[in-house]
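Reviewing the structure listed below.
The values are calculated or read from the model by the stated rules, or taken from the named source; none is laboratory data. Bear in mind that the values here come from a model prediction, so they are computed numbers and not experimental data. Methodologically, a virtual Cβ is constructed for each residue, glycine included, from the backbone with ideal geometry; neighbour enumeration extends over all protein chains shown. Ligands, DNA and RNA are excluded from the accessible area calculation, which covers all protein heavy atoms including side chains. Shrake-Rupley method; radii C 1.70, N 1.55, O 1.52, S 1.80 Å.
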Amino acid sequence: VCVAAAASYSVVTIDQPPFVIEQRSASGLLVGTLGFFPNFVPLLFQEAGVSGASFVQFPSPDGESGRLSNGSWTGGMGELVSGRADLFYGSLSISSSRLQVIQFSTPFHQNTLSVLIKKPVSQATVWA
């Protein structure tokens, strides 16, 4: 994204609390967002000396981050690659296929989700 003063940036979002919390009207239209990214990104622009930037947000068409399917990107990735969005608010893992088509910021949050299961009771080996 080429950053310019007083520019308007199109931002695709997906609902991913606490990073992005979409606010919707009674009819389901996106009316705003709360959370870490909607508050943090404008501060980054300010810190870079860019004043007057505005952000027009719209939801990912399928509510997903996006994946490569039959040679085309879906979701938020599809919006970025097509040029319909300048930025993406959300948690997105870095992969080699995504690196080929978009530029990531420096990661500033890492999640270490784990799946835990009960350790099986060990059984003694019986030698015959």
*Mind listing the phi-derived Karplus ³J(HN,Hα) values for segment 50-62, rounded to whole Hz, using 6.51, -1.76 and 1.60 with θ = phi - 60°, and x for any glycine or proline?*
8, 10, x, 5, 10, 10, 9, 9, 8, x, 4, x, 10
*Accessible surface, per residue, of segment 1-81 when the full set of protein chains is kept, probe 1.4 Å, Å²*: 57
*Once you put a point 7 Å from the Cα of residue 119 and another 7 Å from the Cα of residue 96, both along the Cβ direction, what distance in nm separates them?*
3.6
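Calculate, in nm to one decimal, what residue 62 and residue 24 gain on full extension: separation in residues at 0.36 nm each, minus their alpha carbon distance.
12.1 nm
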*asked:* So, taking all protein chains as they sit and a 1.4 Å probe, how much accessible area belongs to residue 15, in Å² rounded to tens?
replied: 90
*Which semi-axes, in whole Å and largest first, does the equivalent ellipsoid of segment 1-66 have when worked out from the alpha carbon gyration tensor as the square roots of 5 times its eigenvalues?*
23, 12, 11
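With Cβ to Cβ distances under 14 Å as the rule, what net charge do the other residues near residue 41 carry (K, R +1; D, E -1)?
Cβ neighbours under 14 Å give a net charge of -2.
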